[in-house]
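The values are calculated or read from the model by the stated rules, or taken from the named source; none is laboratory data. From a predicted model like this one, the values you see are computed outputs, not experimental measurements. When we count neighbours, we look across all protein chains shown, and the Cβ atoms used for this are built from the backbone with ideal geometry, even at glycine. Accessible surface is based on the protein model in full, side chains and every heavy atom, while ligands, DNA and RNA are left aside. Shrake-Rupley method; radii C 1.70, N 1.55, O 1.52, S 1.80 Å.
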Amino acid sequence: MQIGLNGYLKEVQEHQDLLRRGGELSQQQAYFYQSLEIGLNAFKIFIRRFEKLALEMAKSTKEQARRDELIIIARNCKQISQHPPAGFHEALQLVYFVQLVLQIESNGHSVSLGRMDQYLNKFYREDMLLGKIDADFALELFENTWIKLLSINKIRSWSHTRYSAGGPLYQNVTIGGQTTEGKDAVNDLSFLILQSVGNMKLTQ
(Lines give C-alpha, C1' and ligand atoms only; values in the text may rest on other atoms or scores of the structure.)
Protein backbone atom coordinates (compact mmCIF):
# COMPACT_ATOMS: atom_id res chain seq x y z
CA MET A 1 0.00 0.00 0.00
CA GLN A 2 2.91 2.35 0.66
CA ILE A 3 5.47 1.49 -2.03
CA GLY A 4 3.45 -0.31 -4.73
CA LEU A 5 4.51 -3.27 -6.85
CA ASN A 6 7.37 -1.36 -8.47
CA GLY A 7 8.61 -0.57 -4.97
CA TYR A 8 8.72 -4.27 -4.16
CA LEU A 9 10.60 -5.00 -7.37
CA LYS A 10 13.11 -2.29 -6.48
CA GLU A 11 13.61 -3.86 -3.03
CA VAL A 12 14.22 -7.28 -4.64
CA GLN A 13 16.83 -5.77 -6.96
CA GLU A 14 18.51 -3.94 -4.07
CA HIS A 15 18.80 -7.20 -2.10
CA GLN A 16 20.25 -8.93 -5.16
CA ASP A 17 22.82 -6.14 -5.59
CA LEU A 18 23.71 -6.23 -1.89
CA LEU A 19 24.34 -9.97 -1.97
CA ARG A 20 26.40 -9.68 -5.15
CA ARG A 21 28.60 -6.99 -3.61
CA GLY A 22 29.22 -9.30 -0.64
CA GLY A 23 30.12 -12.19 -2.95
CA GLU A 24 28.42 -14.49 -5.37
CA LEU A 25 24.75 -15.23 -4.93
CA SER A 26 24.15 -18.84 -3.99
CA GLN A 27 21.96 -20.78 -6.41
CA GLN A 28 19.21 -20.96 -3.80
CA GLN A 29 19.28 -17.18 -3.22
CA ALA A 30 19.34 -16.50 -6.97
CA TYR A 31 16.29 -18.70 -7.52
CA PHE A 32 14.48 -17.10 -4.59
CA TYR A 33 14.90 -13.55 -5.89
CA GLN A 34 14.17 -14.66 -9.44
CA SER A 35 10.90 -16.20 -8.26
CA LEU A 36 9.95 -12.95 -6.50
CA GLU A 37 10.56 -11.00 -9.71
CA ILE A 38 8.50 -13.46 -11.75
CA GLY A 39 5.65 -13.36 -9.23
CA LEU A 40 5.57 -9.56 -8.97
CA ASN A 41 5.75 -9.06 -12.74
CA ALA A 42 2.99 -11.65 -13.22
CA PHE A 43 0.85 -9.80 -10.69
CA LYS A 44 1.39 -6.54 -12.59
CA ILE A 45 0.34 -8.19 -15.86
CA PHE A 46 -2.70 -9.73 -14.15
CA ILE A 47 -3.90 -6.28 -13.03
CA ARG A 48 -3.21 -4.74 -16.47
CA ARG A 49 -5.50 -7.39 -18.02
CA PHE A 50 -8.37 -5.88 -16.02
CA GLU A 51 -7.36 -2.42 -17.23
CA LYS A 52 -7.54 -3.65 -20.82
CA LEU A 53 -10.90 -5.36 -20.22
CA ALA A 54 -12.40 -2.24 -18.63
CA LEU A 55 -11.32 -0.10 -21.59
CA GLU A 56 -12.77 -2.61 -24.06
CA MET A 57 -16.05 -2.67 -22.14
CA ALA A 58 -16.12 1.13 -22.02
CA LYS A 59 -15.93 1.30 -25.82
CA SER A 60 -18.96 -0.96 -26.25
CA THR A 61 -21.06 0.54 -23.44
CA LYS A 62 -23.80 2.95 -24.48
CA GLU A 63 -24.68 4.23 -21.01
CA GLN A 64 -22.47 7.23 -20.19
CA ALA A 65 -22.42 6.70 -16.41
CA ARG A 66 -21.25 3.10 -16.82
CA ARG A 67 -18.65 4.15 -19.39
CA ASP A 68 -17.27 6.71 -16.94
CA GLU A 69 -17.10 4.02 -14.21
CA LEU A 70 -15.19 1.66 -16.49
CA ILE A 71 -12.69 4.36 -17.46
CA ILE A 72 -12.05 5.06 -13.77
CA ILE A 73 -11.58 1.32 -13.14
CA ALA A 74 -9.07 1.15 -16.01
CA ARG A 75 -7.21 4.18 -14.65
CA ASN A 76 -7.14 2.68 -11.15
CA CYS A 77 -5.76 -0.61 -12.49
CA LYS A 78 -3.04 1.15 -14.45
CA GLN A 79 -1.94 3.07 -11.34
CA ILE A 80 -1.87 0.15 -8.89
CA SER A 81 -0.23 -2.24 -11.35
CA GLN A 82 2.96 -0.24 -10.77
CA HIS A 83 2.61 2.47 -8.14
CA PRO A 84 1.10 2.86 -4.66
CA PRO A 85 -2.61 3.70 -4.56
CA ALA A 86 -3.28 7.43 -4.91
CA GLY A 87 -6.65 7.28 -3.15
CA PHE A 88 -9.23 5.16 -1.38
CA HIS A 89 -10.81 3.66 -4.53
CA GLU A 90 -7.40 2.52 -5.81
CA ALA A 91 -6.37 1.23 -2.37
CA LEU A 92 -9.47 -0.94 -2.01
CA GLN A 93 -9.01 -2.19 -5.59
CA LEU A 94 -5.45 -3.25 -4.75
CA VAL A 95 -6.62 -5.01 -1.57
CA TYR A 96 -9.14 -6.97 -3.65
CA PHE A 97 -6.53 -7.97 -6.24
CA VAL A 98 -4.09 -9.14 -3.55
CA GLN A 99 -6.83 -11.25 -1.96
CA LEU A 100 -7.89 -12.62 -5.34
CA VAL A 101 -4.42 -13.77 -6.41
CA LEU A 102 -3.79 -15.34 -3.01
CA GLN A 103 -6.97 -17.37 -3.38
CA ILE A 104 -6.17 -18.34 -6.99
CA GLU A 105 -2.63 -19.38 -6.06
CA SER A 106 -3.58 -21.48 -3.04
CA ASN A 107 -7.12 -22.72 -3.75
CA GLY A 108 -7.39 -22.16 -0.04
CA HIS A 109 -9.61 -20.64 2.56
CA SER A 110 -9.14 -18.72 5.77
CA VAL A 111 -7.02 -16.18 3.90
CA SER A 112 -8.29 -13.12 5.71
CA LEU A 113 -8.05 -9.42 4.89
CA GLY A 114 -6.71 -8.25 8.22
CA ARG A 115 -7.40 -4.86 9.79
CA MET A 116 -8.94 -3.08 6.81
CA ASP A 117 -10.15 -0.09 8.80
CA GLN A 118 -6.55 0.57 9.86
CA TYR A 119 -4.59 0.23 6.61
CA LEU A 120 -7.29 1.87 4.45
CA ASN A 121 -8.09 4.72 6.83
CA LYS A 122 -5.31 7.02 5.61
CA PHE A 123 -6.62 6.84 2.03
CA TYR A 124 -10.22 7.30 3.14
CA ARG A 125 -9.47 10.25 5.41
CA GLU A 126 -7.39 12.07 2.80
CA ASP A 127 -9.97 11.57 0.03
CA MET A 128 -12.78 12.76 2.33
CA LEU A 129 -10.83 15.90 3.23
CA LEU A 130 -10.17 16.62 -0.46
CA GLY A 131 -13.81 15.99 -1.36
CA LYS A 132 -12.86 13.23 -3.81
CA ILE A 133 -15.32 10.77 -2.24
CA ASP A 134 -18.13 10.73 0.28
CA ALA A 135 -19.19 8.10 2.82
CA ASP A 136 -21.96 6.76 0.56
CA PHE A 137 -19.49 6.06 -2.26
CA ALA A 138 -17.07 4.31 0.12
CA LEU A 139 -19.99 2.25 1.47
CA GLU A 140 -20.95 1.19 -2.06
CA LEU A 141 -17.36 0.19 -2.83
CA PHE A 142 -17.24 -2.01 0.28
CA GLU A 143 -20.56 -3.63 -0.63
CA ASN A 144 -19.28 -4.39 -4.13
CA THR A 145 -16.06 -5.81 -2.64
CA TRP A 146 -18.00 -8.28 -0.47
CA ILE A 147 -19.98 -9.46 -3.51
CA LYS A 148 -16.78 -9.96 -5.51
CA LEU A 149 -15.12 -11.86 -2.67
CA LEU A 150 -18.19 -14.08 -2.29
CA SER A 151 -17.87 -15.05 -5.96
CA ILE A 152 -14.51 -16.73 -5.27
CA ASN A 153 -14.91 -20.46 -4.73
CA LYS A 154 -12.70 -23.49 -4.34
CA ILE A 155 -12.66 -27.14 -5.26
CA ARG A 156 -13.79 -29.19 -2.27
CA SER A 157 -14.45 -32.81 -1.50
CA TRP A 158 -18.10 -33.76 -0.93
CA SER A 159 -17.47 -34.36 2.77
CA HIS A 160 -16.18 -30.77 3.08
CA THR A 161 -19.02 -29.39 0.95
CA ARG A 162 -21.67 -30.99 3.18
CA TYR A 163 -20.30 -29.29 6.29
CA SER A 164 -19.67 -25.90 4.65
CA ALA A 165 -23.15 -24.88 3.56
CA GLY A 166 -23.11 -21.74 1.44
CA GLY A 167 -19.49 -22.33 0.44
CA PRO A 168 -17.82 -19.82 2.80
CA LEU A 169 -14.07 -19.31 2.42
CA TYR A 170 -13.80 -17.56 5.79
CA GLN A 171 -12.29 -14.39 4.33
CA ASN A 172 -12.56 -12.45 7.56
CA VAL A 173 -12.06 -8.75 8.23
CA THR A 174 -10.93 -7.33 11.55
CA ILE A 175 -12.16 -3.91 12.67
CA GLY A 176 -11.71 -1.78 15.76
CA GLY A 177 -9.48 -3.02 18.55
CA GLN A 178 -6.47 -1.08 19.76
CA THR A 179 -3.45 0.64 18.28
CA THR A 180 0.08 -0.54 19.09
CA GLU A 181 0.07 2.16 21.80
CA GLY A 182 -3.02 0.61 23.40
CA LYS A 183 -5.38 3.38 22.28
CA ASP A 184 -8.84 2.95 20.78
CA ALA A 185 -8.39 2.10 17.08
CA VAL A 186 -12.04 2.52 16.07
CA ASN A 187 -12.48 4.99 13.22
CA ASP A 188 -15.08 6.00 10.63
CA LEU A 189 -14.14 3.06 8.40
CA SER A 190 -14.83 0.62 11.25
CA PHE A 191 -18.47 1.68 11.18
CA LEU A 192 -18.66 1.83 7.38
CA ILE A 193 -17.36 -1.73 7.07
CA LEU A 194 -19.81 -2.92 9.73
CA GLN A 195 -22.69 -1.14 7.99
CA SER A 196 -21.75 -2.49 4.55
CA VAL A 197 -21.61 -6.09 5.81
CA GLY A 198 -24.96 -5.65 7.54
CA ASN A 199 -26.52 -4.19 4.40
CA MET A 200 -25.45 -7.08 2.19
CA LYS A 201 -26.60 -9.98 4.43
CA LEU A 202 -24.28 -12.41 2.62
CA THR A 203 -23.30 -15.88 3.78
CA GLN A 204 -19.69 -14.79 4.30
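Details
- Hey, R125 of a type in the set (D, E, K, R), surrounded by 12 or more Cβ atoms within 10 Å (Cβ to Cβ) and under 18 Å from I175 (Cβ atoms) or not: yes
- Scanning the range 175-202 for residues that are over 18 Å from E140 (Cα atoms), open to solvent by 70 Å² or more (accessible area, probe 1.4 Å) and of a type in the set (S, T, N, Q) returns Q178, T180.
- Number of the condition not met by E24 [criteria: (1) open to solvent by 70 Å² or more (accessible area, probe 1.4 Å); (2) of a type outside the set (A, V, I, L, M); (3) in a helix (DSSP H, G or I)]: (3)
- Selection within the range 132-149: residues that are open to solvent by less than 60 Å² (accessible area, probe 1.4 Å) and not β-branched (V, I, T). The member of this set that is modelled with the lowest pLDDT is L149.
- When I47, I38 are screened for being in contact with a helix residue (DSSP H, G or I) (Cβ under 8 Å, 6 or more places away or on another chain) and in a helix (DSSP H, G or I), only I47 passes.
- The residues on offer are A58, A65, A54, and the sole one that is among the hydrophobic types (A, V, I, L, M, F, W, C) and either open to solvent by 50 Å² or more (accessible area, probe 1.4 Å) or not in a helix (DSSP H, G or I) (or both) is A65.
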